[in-house]
Amino acid sequence: MRNTARWAAALGLAAVAVCGPLTGAAVAAPSVAPSSLYAPSALVLTTGHGSDAATATPERAATLSCAPTASGTHPAAAQACAELSGIGGDFAALKADPGVWCTQLYNPVVVTVQGVWQGKRVAYERTFGNSCMRDATGEGVFAF
């Protein structure tokens, strides 16, 4: 009987030594660490000829990510991110450069933006009279 008691005590201590730390970790509340210190900013920009996004076929598209650094397929990503940061990501605040003169030829161009800007959902659509007017608005944002 003494050997059985020793074996039971030894197995019990071994189980506590091996499994004890595991049960403590399982009971403890898991800490949720953020995957990044930056709010996400990832956008897809498209442009095409037409009066609205529903009828226009996208001719070009670019991706733009601004946090933690400017990246994506947008050819002027750093300039576009700086411009958007300056207006707080409000695409409606983009103004045309007053020094650019465009013809009055009506050939509508639509621009769409979908994605996330600093953690907030973005859905933007704007129709310009022609591509010159689009290019004059937002020096770097729509230059793709």
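The values are calculated or read from the model by the stated rules, or taken from the named source; none is laboratory data. Quick caveat, the model's predicted, so the values are computed rather than measured. Note: areas computed on protein heavy atoms with side chains; ligands, DNA, RNA excluded. Shrake-Rupley method; radii C 1.70, N 1.55, O 1.52, S 1.80 Å.
Some points to look at:
- Length gained on full extension, residue 107 to residue 73, computed as 0.36 nm times the residue gap minus the Cα-Cα distance: 9.6 nm.
- Percent carbon-and-sulfur accessible area, region 54-144, ignoring ligands, DNA and RNA, probe 1.4 Å: 56
- Solvent exposure, largest accessible area first (probe 1.4 Å, DNA, RNA and ligands not counted), of 144, 91: 144, 91
- For region 30-144, the fraction of C-alpha pairs farther apart than 20 angstrom is 42 percent.
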